[in-house]
Amino acid sequence: MNTIEEELRRGVLDLALMLKGIDGELDAALDHLKQVLKQRDDLDTDAFRDALAQADARFDQIEEVAESGTQQLYRLYQSLMDLNADAASKSFSLAVEQKHQYLFDALKLSEDALRLVPHSASQTADENTDKLKRLHQKLCSRFITLLRTLAILGDEDGQLQSLARRLEPMPDWPELDGLAEETIALIQRRLDAEKGQFQYYLNQLSEKLRSINELIGQNKQAVSDLTELNDNLDQQVDDQIARARSAITSAVNMEQLRASLNDSIEGLMSLLNDFQSRTRNSLLAMNRRQQELNQHLDALQEDNHRLIKQVTQEREIARRDPLTQLPNRQGFEQRLEQEIARSDRYGQPLSIALIDVDHFKQINDRYGHLAGDRVLRILAKEMHSQLRKTDFLARFGGEEFVILLPESGRDNALAAIEKMRQHISQCPFHFQDSPVRITISAGLAIHKPNEEAEHWLHRADKALYESKDNGRNCTTVSDDQQ
């Protein structure tokens, strides 16, 4: 076999491999051609020519069918363009089936194949849109909760409540962004005002401390003066006694002695009277300063107690949801740290459940936000009634609640949440004299050793969304081990 024949064999075999799978009859012709080429003897030119002709003929037929199909599809497209919009959707399948059976079969095959695809582009887009809507609702609800909590701490002009009411219709993203900017500006003004009040309090405190320090300094000086006065008295008494002794020694008769003694006694009495007077005045001044000092200290103590009470009340208000009177997210986060630390220390299981009210927006839209608020209050009371004293229920924001279940593994936690979910679904709710069924969805996650709180909450939130996607009114346990 010469080089040309070998190259020819290889080229035709490669071509046969490339055309494999296009058509059954073409595959048979190509297999026959390969058999002729694989003969070890000299190439049978006639056999090769016949096999090549068969393959070529079948390939020509395929090209004709493809060209014919393209022309038919183009004509079908032209005819569809002539139909009106209403008739097009009804006539398309019928026209293809009657006139172009080959194309109809291909379209049916593609339709069946699309059903096997788990997530099409449109489905993904719908899911993303749904998630975005949920995120939007969650942000608005938590925004409203924040504003109402701040309003409890002080809203004399009603601006915070006004912002909360503007959020209730669930504004679109641009309007939500504008409300966020207004809220930030309002909070900044409030912070500046509180900063000014705090600065005034510090100035007053500084003035009181200055007065106290001055009084203490004056009393110290008075004590020093008394010490000096006492020392001077000792010296003056000693001098007076020395003069008396000298006078007694030098006296020549009783009259002179008596006169010297009287002078010495009068001198001592004068010294003592002066000392007593100056001491009394100094002590009276010290007593007045001590009373003034006590008044300043009492005022400081009263201010301190009032400030501690106010801070304690504001801290308690800041950690409690004003609508349901449950702990809010800030209160929950504080308890969360404590429960995780206790679970890690003693090796006890700890579970968390995120609860969401199903179709809550529809309740607000249909019956009004007052009805929605009433639902949340009743739900908080009913859910709390189904939990243990050691469990911790808080409002997470909007229509979401969160439950911490200490010393509860997967089975016990799931049983507790399911019991509560079924209880809620059976509670009688009435709005405008009509019974309304309220249900909840739950996502449950069991804490893993050394797991970050944020990741733990994310798993519970993911399980909650699975409950929503699975038809709501159910509980999903997170099995995520990542």
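Any read-out appearing in this document is the output of simple, stated calculations on the displayed coordinates, not a laboratory observation. These numbers come from a predicted model, not from an experiment. As a convention, Cβ positions derive from the backbone with ideal geometry for all residues, glycine included, and neighbour counts pool all protein chains shown.
What list do you get for Thr312, Thr279 if you sort them by fewest beta carbons within 10 Å?
Exposure proxy ranking, most exposed first: Thr312, Thr279.
Is there a pair in Lys138/Lys462; Lys131/Lys468; Lys131/Lys419 whose C-alpha atoms are over 19 Å apart, and which pairs would that be?
Exceeds cut-off: Lys131/Lys419.
Going by how many other beta carbons lie within 10 Å of each one, how would you line up Ile241, Ile446, fewest first?
Fewest-to-most Cβ neighbours within 10 Å comes out as Ile241, Ile446.
Once Rh for region 209-317 is found with the Kirkwood sum over Cα pairs, what is the Stokes-Einstein diffusion coefficient at 4 °C and 1.567 mPa s, in µm²/s?
Approximately 72 µm²/s, per Stokes-Einstein.
So how compact is region 329-477: Cα radius of gyration and Dmax in angstrom?
Spelled out, the Cα radius of gyration and Dmax of region 329-477 are 15.4, 52 Å.
In what order do Lys468, Lys381 fall by count of nearby beta-carbon atoms within 10 Å, going from fewest to most?
So the residues, fewest neighbours to most, are Lys381, Lys468.
How large is the Rg to Rh ratio of region 169-239 when both quantities use alpha carbon positions and Rh follows Kirkwood?
When Rh is taken as the Kirkwood radius, the ratio is 1.69.
Excluding Arg166 itself, what net charge comes from residues whose Cβ is under 14 Å from its Cβ, given Lys and Arg +1 and Asp and Glu -1?
Value of the local net charge: -4.
State which entries of Lys133/Lys448; Lys361/Lys381; Lys133/Lys381 exceed 25 angstrom in Cα-Cα distance in the structure shown.
From Lys133/Lys448; Lys361/Lys381; Lys133/Lys381, over 25 Å: Lys133/Lys448; Lys133/Lys381.
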